[in-house]
Amino acid sequence: MDYRPLGRTGLKVSPICLGGMMFGWWGENGPEETGKMIQRAVDSGVNFIDTADVYAAGESEELIGRFLSESGLRDEIVLATKVHGQMGEGPNRGGNSRAWIMRAVEDSLRRLRTDRIDLYQIHRPDPSVDLDETLGALTDLVRAGKVRYIGCSTFPAHRVVESHWVAERRHRERFASEQPPYSILARAVEADLLPVCQQYGMGVLAWSPLAGGWLSGRYREGAELPQSRRAALLPARYDMELEENRRKLAAAERLALLAEQAGMSLVELALQFVMQHPAVTSAIIGPRTMDHLESHLRALDVRLTPDVLDAIDVIVPPGLTINAADAGWRPPELLDPALRRRGQPR
């Protein structure tokens, strides 16, 4: 296994990170299925697991924590989780405030059955909270030994830069990693975010490297499109009435043909594309079944030649995200007209 440094932390992690989104009721996986997938990933050399408190409302953390505790593997794993999402009713049960972070970390530690979190990440930006407040809370957790390193997820490049300015001037812990959406179909981060992460020595953990299933090989022109809970919940990313999604399907078809010509599966092509970017530390996979996991792990054994990478650039040019809905987070200024129109009441 080609273990890679996680930014400047000194931690070495596998180029594939096992994501826990499908562990629990979201992916219809209980303790037995979850344990088997984690064990298989570990046996293949994966030493990195990423989850979040909101995945299956905490059940993902519980299942991962139970397996690592009962198997005795906790000390062999770099364990990452995230905070920000709404956890239950109430206006203060989510976000990036000190009050919520301090409460949420205790809940995550309990569910994960551990005394420390190796990488604690802010799941999304929260413009309503001063970044210094968030970094201050995270710094206190590092100094208390409950968190080893801190990271962010789906932050725009300017917010990443701001975080480093705040950390330097206020003597806070700095984000050691960023977790952006990155795939062949969503390449916008190549223009600014990935270079910024390289400039600041941050690890990059790419989520959705299969573009939410579009690069799984199941989306092909002329074939019946797969139905899923995810597609029903996120129509902007899957509704074929939208031109952007029709363009994604056309690109997925061309990429599948390219993969066949290169002697590999589309999954292998997509995952290796992400892993071969010099800024990327790990590609986060989110298998729902053991078969999914096996297909993902096989990507470790292939390599894309310059000719294949050039062909990918022709199909989806560098820096292009075909559907803006795949960006993972949209600034409130784009969602609330009152923030763009002088004098309009909110």
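The values are calculated or read from the model by the stated rules, or taken from the named source; none is laboratory data. Note that the structure is predicted; figures quoted are calculated from it, not measured. Here the Cβ positions follow ideal geometry from the backbone for every residue, glycine too, while neighbour counts run over all protein chains shown. Ligands, DNA and RNA are excluded from the accessible area calculation, which covers all protein heavy atoms including side chains. Shrake-Rupley method; radii C 1.70, N 1.55, O 1.52, S 1.80 Å.
Residue count for the stretch 41-67, restricted to those that are over 19 Å from ILE16 (Cα atoms), open to solvent by less than 10 Å² (accessible area, probe 1.4 Å) and free of Cβ contacts under 8 Å to residues at least 40 places away in the same chain: 1. Of the numbered criteria (1) aliphatic (A, V, I, L, M); (2) closer than 26 Å to ARG288 by Cα; (3) open to solvent by 10 Å² or more (accessible area, probe 1.4 Å); (4) at pLDDT 95 or above, the one LEU205 fails is (3). The combined condition, being touching a Ser or Thr at 6+ places or on another chain (Cβ under 9 Å), charged (D, E, K, R) and surrounded by 22 or more Cβ atoms within 10 Å (Cβ to Cβ), is not fulfilled by GLU173.
Filtering the stretch 263-285 to residues that are among the small types (Gly, Ala, Ser) and open to solvent by 40 Å² or more (accessible area, probe 1.4 Å) leaves GLY263, SER265. The set of residues in the stretch 229-254 that are open to solvent by less than 50 Å² (accessible area, probe 1.4 Å) and outside any helix (DSSP H, G or I) contains only MET240. Scanning the stretch 117-131 for residues that are crowded, with 16+ Cβ neighbours inside 10 Å and in contact with a helix residue (DSSP H, G or I) (Cβ under 8 Å, 6 or more places away or on another chain) returns ILE117, TYR120, ILE122, PRO125, ASP126, LEU131. Among the residues that make up the stretch 19-30, is at least one of them open to solvent by 60 Å² or more (accessible area, probe 1.4 Å) and assigned to a strand (DSSP E or B)? No, there is no match, as no residue in the stretch 19-30 is open to solvent by 60 Å² or more (accessible area, probe 1.4 Å) and assigned to a strand (DSSP E or B).
Only residues that are under 18 Å from ASP53 (Cα atoms) and among the hydroxyl-bearing types (Ser, Thr, Tyr) were counted across the stretch 70-82, and they come to 1. A single member of LEU257, LEU334 is without any contact (Cβ under 8 Å) to a residue 60 or more places away in the chain, farther than 21 Å from GLU221 by Cβ, open to solvent by 40 Å² or more (accessible area, probe 1.4 Å) and part of a helix (DSSP H, G or I), and it is LEU334.
Taken over the stretch 68-111, the criterion of being open to solvent by less than 40 Å² (accessible area, probe 1.4 Å), hydrophobic (A, V, I, L, M, F, W, C) and in a helix (DSSP H, G or I) is satisfied by LEU68, TRP100, ILE101, ALA104, VAL105, LEU109.
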